[in-house]
Amino acid sequence: MVVSTRLILCWIELTAVSFPQKLRVSISMELEGVTNVRPADDDYEYFFTVMCSSCREVHPKTDEHEISGSKGSANFVWRCTNCKKEHSASFLPSAPKSKSTAPLPYSSSSQFSSFVTLDCRGLEFTEFHLRRGKWVCEGEDSGKAFQIDWDELAQEGEERWDDYDEDKGETVGVSELKSKVERA
């Protein structure tokens, strides 16, 4: 009985510590006549469901705060409303041997492809909400630029984007959007 008590105490101490972890967000889409699907600009706002690694509470909303008592910086700083601990996440280069933290464009239809990589401290992103914000893509053969506004489409009750590539004379579209978050 004493051994199990020690194990429980060790487990409690370990779960209270914020270990850094790398998470990879991968995306999948069904592409029709388009390629190079990506956020429209560098100021794209990412929407995640966040879970506190300390108390395991899942938070649907994000509250941002400055990092208190730290000289470091992060792309996302958040305080858990349940346990009051402060946590952070930063973007890492998504491609090997790259220094760029920009999201990787999506080009291969129906297969999961790495999108962004994150260094998380004290939190986990459990879900990436892909159908948000403004995105762009290019005609597969024509190279014509297209704009996708997922927020506007959601207001209209649409779960897919369709357009017409006049240069190619074909209908183009993006549908079946999926995302997954996993350890990198």
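So which residues in segment 103-125 are part of a loop (DSSP other than H, G, I, E, B) and over 16 Å from LYS22 (Cα atoms)?
Result: LEU104, PRO105, SER107, SER108, SER109, SER110, GLN111, PHE112.
Looking only at segment 9-21, decide whether some residue is modelled with pLDDT under 95, touching a strand residue (DSSP E or B) at 6+ places or on another chain (Cβ under 6 Å) and assigned to a strand (DSSP E or B).
Checking segment 9-21: at least one residue is modelled with pLDDT under 95, touching a strand residue (DSSP E or B) at 6+ places or on another chain (Cβ under 6 Å) and assigned to a strand (DSSP E or B).
Mind listing whichever residues of segment 122-142 are more than 19 Å from SER109 (Cα to Cα) and either aliphatic (A, V, I, L, M) or without any contact (Cβ under 8 Å) to a residue 60 or more places away in the chain (or both)?
LEU123
Working only within segment 126-138, note down all residues that are of a type outside the set (S, T, N, Q) and assigned to a strand (DSSP E or B). Break it down into steps so the answer makes sense when it comes.
Keep residues of segment 126-138 that are of a type outside the set (S, T, N, Q), which gives 127-138.
Once the filter is applied, which keeps residues that are of a type outside the set (S, T, N, Q) and assigned to a strand (DSSP E or B), segment 126-138 yields GLU127, PHE128, LYS134, TRP135, VAL136, CYS137, GLU138.
The values are calculated or read from the model by the stated rules, or taken from the named source; none is laboratory data. In this text the structure is predicted, and so the values were computed from the model without any measurement. All Cβ positions, glycine included, derive from the backbone under ideal geometry; neighbour counts span all protein chains shown.
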